[in-house]
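Working notes, structure below.
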Amino acid sequence: MLSRFEELDAGRVLGDLDAEESAEWSELAQQLGVSGDASLDLLAAEFEAALSRETAPAMPLGLAERLCPVVEMPAKAAVVPEDSKVVVGPWIGWAAAACLLGLLVFRGGDTEKPTLSADSRRDALLRQEAGLKGIPFAGTTGDFAKAGGEVVWSDGKQEGYMTLSGIPANDPGQYQYQLWIVDPDRDALPVDGGVFDIPAGEGKVVIPIDSKLAVRKPAAFVITREKPGGVVKSAQEVVVAIAKL
């Protein structure tokens, strides 16, 4: 979803979106809680301002080769005589588009993309699928008697999140928690839903589900305590919490 938004955002900066794509951009921006990339707007404005001047913008060759591999950029700025009229050919627009799209790829490869928190992604899922309801977790006994929270899961998107509370923080070097998804229609064995940690000092923690296989009709979600790194098949010696549909 985020990659689609970035693609549309580049088109927005280039003025290349139709009405349907503009509506999609607005919807994704609202769902993801983000806005357009201001740096791309600034770059487009600078490029447009440069084109309006009589001197074409100069760009370092090294940067040009990295950002605009499909456009031949001049080594030096081209000086246009004062008594001549500049006619900007259509290739200029394509050059700008190539540079902007190249910049988007370049920035994505050399810098870390902003990532949405698990809370934000969970909220976005609930907005997209209003019918989803949280399934409550119930703790077991002993140290996990106060374990609680809920799980939301979308069969269509194969995406889900656990909101957990009351589970003791763990030392990843000693043991970790692991989620198992029970889907009788798929297999007698539960599906690995991912290994996770509970940090100290947190009241509630949102954990994204990392299902290793497709799950269509989950009947229960079970959290166990396992050795570091998790296991392929759990003996369920220590069951932390269970959420049943």
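The values are calculated or read from the model by the stated rules, or taken from the named source; none is laboratory data. Computed from a predicted model, the values in this text were never measured in an experiment. Methodologically, a virtual Cβ is constructed for each residue, glycine included, from the backbone with ideal geometry; neighbour enumeration extends over all protein chains shown.
Quick notes
- The combined condition, being without any contact (Cβ under 8 Å) to a residue 40 or more places away in the chain, surrounded by fewer than 15 Cβ atoms within 10 Å (Cβ to Cβ), within 28 Å of Leu28 (Cβ to Cβ) and under 24 Å from the mean Cα position of the chain (by Cα), is not fulfilled by Lys204.
- Residue in the range 120-137 that is within 13 Å of Ile207 (Cα to Cα), hydroxyl-bearing (Ser, Thr, Tyr) and either buried (at least 16 other Cβ atoms within 10 Å of the Cβ) or in contact with a Cys (Cβ under 9 Å, 6 or more places away or on another chain) (or both) present: no
- Scanning the range 159-201 for residues that are in a loop (DSSP other than H, G, I, E, B), among the hydrophobic types (A, V, I, L, M, F, W, C) and touching a residue at least 40 places away in the same chain (Cβ under 8 Å), we see that the one that is nearest to Ser120 (Cα to Cα) is Ile167.
Table: residues versus (1) farther than 17 Å from Lys227 by Cβ; (2) among the hydrophobic types (A, V, I, L, M, F, W, C); (3) within 26 Å of the chain's Cα centre (by Cα); (4) outside the structural domain of Lys227 (by TED's automatic domain parsing).
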| site | (1), (2), (3), (4) |
| --- | --- |
| Gly142 | yes, no, no, no |
| Gly160 | yes, no, yes, no |
| Asn170 | no, no, no, no |
| Trp180 | no, yes, yes, no |
| Asp192 | no, no, yes, no |
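- Meets criteria (crowded, with 18+ Cβ neighbours inside 10 Å, in contact with a helix residue (DSSP H, G or I) (Cβ under 9 Å, 6 or more places away or on another chain) and assigned by TED's automatic domain parsing to the domain that holds Lys157) for Ile198: no
- When residues of the range 139-165 are limited to those that are under 20 Å from Gly194 (Cβ atoms) and among the small types (Gly, Ala, Ser), the one surrounded by the most Cβ atoms within 10 Å (Cβ to Cβ): Gly160
- Just so you know, in the range 221-245 the residues that are within 27 Å of the chain's Cα centre (by Cα) and assigned to a strand (DSSP E or B) include one that is surrounded by the most Cβ atoms within 10 Å (Cβ to Cβ), and it is Ile223.
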